[in-house]
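A.B. asks: Structure in structure tokens, see below.
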Amino acid sequence: MNHEPLIQLFMDKPGEYVSGESISQELGVSRTAIWKQIRKLEGAGYHFEASRRLGYRLISVPEHLSTEDLAGRLEAKIFGKTVHLFETVESTQNLARAAAEDGAVEGTLFLAEQQVNGRGRMGRGWVSPRGKGVWMSMVLRPSVPIHFAPQLTLLTAVALCRSLKRVTALPIGIKWPNDLLIEGKKISGILLESAAEDERLRYVIAGIGISVNLEESDYPVELLEKATSLRIRSGKKWTREAVIADFLKEWEQLYFLYQEQGFSPIVTLWEALSVSLGKPARLITPQGDIVGVPIGLDESGAIRIELADGTIKPVFSAEMGEPL
């Protein structure tokens, strides 16, 4: 059954209940087929209200990103000048990586309304429902040695945090290395994956997931204690194109600054936005747990941990637990 006639039937009667019987007669299909199609539409982001006596009423339709709207808002010179928008993908990271291998220019952006296999750091899954968040990956081609790649992750976190704070006025901070939190709950994920040759980065694929307009019902129950969205925290919906455009502008400005002045300005900005510094924490590493107080970043991007005996230990890769 083609869903377009069913959607149009509801659109022609905005706010009204339409009985299953009248839909069946108008479209020439069974009521079971109607029920199945409405379930599919709900999975695609349409919201219906059902009444045994009255039938079905269309409450809301999914919002779709507009590349034209985004282009009109875009102030970045390179980032996002070429945009590829998809309805449903496994992962935007995969698409961006394939494009980078084929020579895609720096700043080429991949957006999806829905990811069915989005992933975060350390192989974790990422909740990416249709039409409610920003699920994106972008091709970067920085002229830096491979061991500078972690610096780009921290730079991206700074850019996203500064942008979202400006757009929403919400109290957003960075948990090392790149998680964005509001009062302890995560609103964004950042994953940078790179390819190198002769100790130089060939390209970096920067994947960003921003939980913009997700509602509590979009999250598995077990994640509600750890995750939130801009909509949940602010009580209002946000225009995703505006969120993307502002982030790309901030990201590009910091990227250029980094290329001109190195990592030092990024360190200063990251430390000012961090919610991890000065609080005892446990860091889980492949070599074992480290307990200490994070006191800042070093010039490479490692977190500097003050241990109980007063020594300072740089940690390059770890999972930071909750403050002790």
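A.B. asks: Could you list THR239, THR108 in order of exposure, starting from the residue whose Cβ has the fewest other Cβ atoms within 10 Å? Write down the numbers at each step before the final one.
C.D. replies: On the way: THR239 16, THR108 23.
Fewest-to-most ranking of THR239, THR108: THR239, THR108.
A.B. asks: Expressed as a whole number of Å, what is the distance separating the alpha-carbon centroids of region 13-44 and region 251-316?
C.D. replies: Value for the Cα centre distance between the two parts: 55 Å.
A.B. asks: OK, next. Using only helices, what value at 222 nm comes out for the chain when you add -39,500 (n - 2.57) per DSSP H run of length 4 or more and divide by the total residues, to the nearest 500 deg cm²/dmol? Present the calculation step by step, with values, prior to reporting the outcome.
C.D. replies: Working: 9 runs with 104 residues, N = 324.
That calculation yields -10000 deg cm²/dmol at 222 nm.
A.B. asks: Have a look at the DSSP beta bridges in the chain and tell me what percent are antiparallel, nearest 5.
C.D. replies: 85
A.B. asks: Can you list the GluC sites (Glu not before Pro) in region 173-261 that are in a DSSP coil and have 10 or fewer other beta carbons within 10 angstrom?
C.D. replies: The qualifying sites are GLU199, GLU225.
A.B. asks: Moving on. With a point put 7 Å past each Cα toward its Cβ, work out how far GLN8 is from ASP69 in nm, to one decimal.
C.D. replies: Here the modelled spin labels are 2.4 nm apart.
A.B. asks: Show which aspartates and glutamates lie in cross-link reach of LYS40 when reach means a straight Cα distance below 18 angstrom and same-chain residues fewer than eight apart are skipped.
C.D. replies: LYS40 reaches GLU4, GLU49, GLU63, GLU87, GLU113, ASP218.
A.B. asks: Work out how far the C-alpha atoms of the chain reach from end to end along every principal axis, then list the three figures in whole Å, largest first.
C.D. replies: So the three principal-axis extents are 77, 45, 34 Å.
A.B. asks: Considering the options GLY80, PRO220, LEU201, tell which one lies farthest towards the positive end of the dipole of the chain, charges being +1 on Lys and Arg and -1 on Asp and Glu at the Cβ, about the Cα centre.
C.D. replies: PRO220
A.B. asks: Something else about it: How big is the convex hull of the Cα atoms of region 277-323, per residue, in Å³? Don't jump to the answer; show the numbers that get you there.
C.D. replies: Working: hull volume 3.2 nm³, N = 47.
Taking only Cα atoms, region 277-323 has a hull volume of 68 Å³ per residue.
A.B. asks: In addition: Give the calculated FRET efficiency between GLU26 and VAL221 to the nearest 0.05, with a Förster radius of 45 Å applied to their Cβ-Cβ distance.
C.D. replies: After rounding to 0.05, the efficiency reads 0.70.
A.B. asks: Same structure, new question: Which value, in debye to the nearest 20, gives the size of the charge dipole of the chain about its Cα centre, when Lys and Arg are +1 and Asp and Glu are -1 at the Cβ?
C.D. replies: 740
A.B. asks: Could you list the trypsin sites (Lys or Arg not before Pro) in region 4-113 that lie in coil according to DSSP, counting only those with at most 15 other Cβ atoms within 10 Å of their Cβ?
C.D. replies: Of the trypsin sites (Lys or Arg not before Pro), the ones in loops of region 4-113 whose Cβ has at most 15 other Cβ atoms within 10 Å are ARG52, ARG53, LYS77, LYS81.
A.B. asks: Give me the percent relative contact order of the chain, please, defined on Cα pairs under 8 angstrom at least 6 residues apart.
C.D. replies: 13
A.B. asks: Let me spell out the model: positive unit charges on the Cβ of Lys and Arg, negative unit charges on the Cβ of Asp and Glu, origin at the Cα centre of region 112-265. What dipole size does that give, in debye rounded to 20?
C.D. replies: With Lys and Arg at +1 and Asp and Glu at -1, about 380 debye.
A.B. asks: Quick one: net charge around GLY235, please, counting Lys, Arg +1 and Asp, Glu -1 for every other residue with C-beta under 14 Å from its C-beta.
C.D. replies: On the way: positive: ARG231, ARG233, LYS236, LYS237; negative: GLU215, GLU216.
Result for the neighbourhood of GLY235: +2.
A.B. asks: So which trypsin sites (Lys or Arg not before Pro) in region 184-273 are both in a DSSP loop and have at most 15 other Cβ atoms within 10 Å of their Cβ?
C.D. replies: Answer in residue order: LYS226, LYS236, LYS237.
A.B. asks: Cut-off is 10 Å between beta-carbons; in what order do ILE303, ILE78 appear when sorted fewest neighbours first?
C.D. replies: So the residues, fewest neighbours to most, are ILE78, ILE303.
A.B. asks: Enter the mean projected area of the convex hull around the alpha-carbon atoms of region 217-324, in nm², rounded to one decimal.
C.D. replies: Mean projected area for region 217-324: 9.5 nm², to one decimal.
A.B. asks: Another question about this same structure. Could you quote the convex hull projected area for region 3-60, Cα atoms only and averaged over all directions, in nm²? Write down the numbers at each step before the final one.
C.D. replies: Values: hull surface 13.6 nm².
One quarter of the hull surface, i.e. the mean projection, equals 3.4 nm².
A.B. asks: Gap in Å between the Cα centre of region 148-180 and the Cα centre of region 205-220?
C.D. replies: Here the answer is 15 Å between Cα centres.
A.B. asks: For region 69-102 and region 47-62, what is the separation of their Cα centres, given in Å?
C.D. replies: Region 69-102 and region 47-62 have Cα centres spaced 35 Å from each other.
Throughout, read-outs are computed from the coordinates displayed, never taken from laboratory work. Predicted, not measured: the structure shown is a model, and the values here were computed from it. In this analysis, Cβ positions are derived from the backbone assuming ideal geometry, glycine residues included, and neighbour counts consider all displayed protein chains.
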